[in-house]
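The values are calculated or read from the model by the stated rules, or taken from the named source; none is laboratory data. Note that the structure is predicted; figures quoted are calculated from it, not measured. Here Cβ is always computed from backbone atoms with ideal geometry, including for glycine, and neighbour counts include all displayed protein chains.
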Amino acid sequence: MHSVDINGRSVLVTGCSSGIGRSTATYLAHSGFTVFATVRREKDASALRQLGEPNLIPVCPLDLTQPDHIPAVVQLVTDELQHRGQQGLYAIVNNAGTGVTAPIELTDIGKFRNEFDARILGPVALLQAFLPMIRQARGRIVWITTPGLLPIPYVASIHAPDFAVNCLARTLNLELSKWHIPVIMVRCGTIQTAAPDRSAREMQAAIPTGPSDRLALYQEALEKLRVEFGRLDQKRTPVEEVARVIYTALSARRPRLRYQVGRLSGLAATMELLPQSLVDAIMMWRE
């Protein structure tokens, strides 16, 4: 496969405290990219500095629910690129966000709102700030998403933003086509990150806090889901596989607009092609 010369190219990766973001940031830095690795907390920035990777530049704070963080990040990136003699920002990898596992009826609205801020509104604000630099570098945009646009019960706070990301990515591809800026989705399924275990713990912790009469309606299904999470934990794809796919998306001269990675990503992509009524029937049967 033909690839671009990554020497002197810089990438900003969001959500680098752990999981896909951290693995991607370190992999890209080891591969020769200059990587701006954004985190919300100083302790995570300090942990990244301790890796001693000269191409890895921790950026803190960047909480995408706080748009007032963005101008300082833009200034830091601008100054560092000038110091390194690089022209523009080659790519943004939108990875930040987690999601909460719960029925829509019992979902914490504040957490739901934060998820849309972190995965939709915040990244759009970030792109608005950095697109002139990406245009200058003739770069690209990468969005990390779930493996398929499927209505899976109890994970709406994870999947609903991905429906919006699908719209944003495809729309941006149309709007930015004249500058040849591809917007790429890397669709991940069953990856070894801290998020699944954290989601299971949060789900378990949330169960006693809701109205008891409503919780009782979902108790059996939520317990079944908790057990299913445990089984999936034994079959997850190493997070380094995602980092390698992202590297391919960034280095390919003619990148695909969609990449799939993870054990269930192919199945989810296939199901996405089925009639909506059939997909809904399959999901109801799983219940």
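Of all the listed residues (93, 73), the sole one being at pLDDT 95 or above, assigned to a helix (DSSP H, G or I) and either touching a helix residue (DSSP H, G or I) at 6+ places or on another chain (Cβ under 8 Å) or of a type in the set (Val, Ile, Thr) (or both) is 73. The set of residues in region 97-151 being in a helix (DSSP H, G or I), within 20 Å of the chain's Cα centre (by Cα) and of a type in the set (D, E, K, R) consists of 111, 113, 115, 117, 119. Picking from residues in region 156-207 that are in a loop (DSSP other than H, G, I, E, B) and at pLDDT below 90, the one that is nearest to residue 255 (Cα to Cα) is 189.
Does residue 120 meet the test of being modelled with pLDDT of 95 or more, over 30 Å from residue 230 (Cα atoms) and not charged (D, E, K, R)? No: the conditions fail for residue 120.
Of all residues in region 142-167, those that are buried (at least 20 other Cβ atoms within 10 Å of the Cβ) and farther than 30 Å from residue 227 by Cα total 1. Among residues of region 231-244 being of a type in the set (Asp, Glu) and touching a helix residue (DSSP H, G or I) at 6+ places or on another chain (Cβ under 7 Å), the one that is surrounded by the fewest Cβ atoms within 10 Å (Cβ to Cβ) is 233. All conditions but one from (1) assigned to a helix (DSSP H, G or I); (2) out of contact with any Cys (no Cβ under 8 Å at 6 or more places or on another chain); (3) buried (at least 22 other Cβ atoms within 10 Å of the Cβ) apply to residue 20; the one that does not is (2). Restricting the first member to region 70-97 and to residues that are closer than 25 Å to residue 184 by Cβ, and the second to residues that are of a type in the set (Asp, Glu) and buried (at least 20 other Cβ atoms within 10 Å of the Cβ), the beta-carbon pairs closer than 8 Å and six or more apart or on different chains are 97/115.
Selection over region 230-244 of residues that are over 11 Å from residue 20 (Cβ atoms), free of Cβ contacts under 8 Å to residues at least 60 places away in the same chain and assigned to a helix (DSSP H, G or I) gives a count of 3.
If I go through region 43-58 residue by residue, how many of them are in a helix (DSSP H, G or I) and surrounded by fewer than 16 Cβ atoms within 10 Å (Cβ to Cβ)? Matching residues across region 43-58 total 3. With respect to the conditions (1) assigned to a helix (DSSP H, G or I); (2) over 17 Å from the mean Cα position of the chain (by Cα), residue 61 falls short on a single one, namely (1). Within region 245-280, the residues that satisfy the criterion of being assigned to a helix (DSSP H, G or I) and exposed (fewer than 12 other Cβ atoms within 10 Å of the Cβ) are 270, 276, 277, 278.
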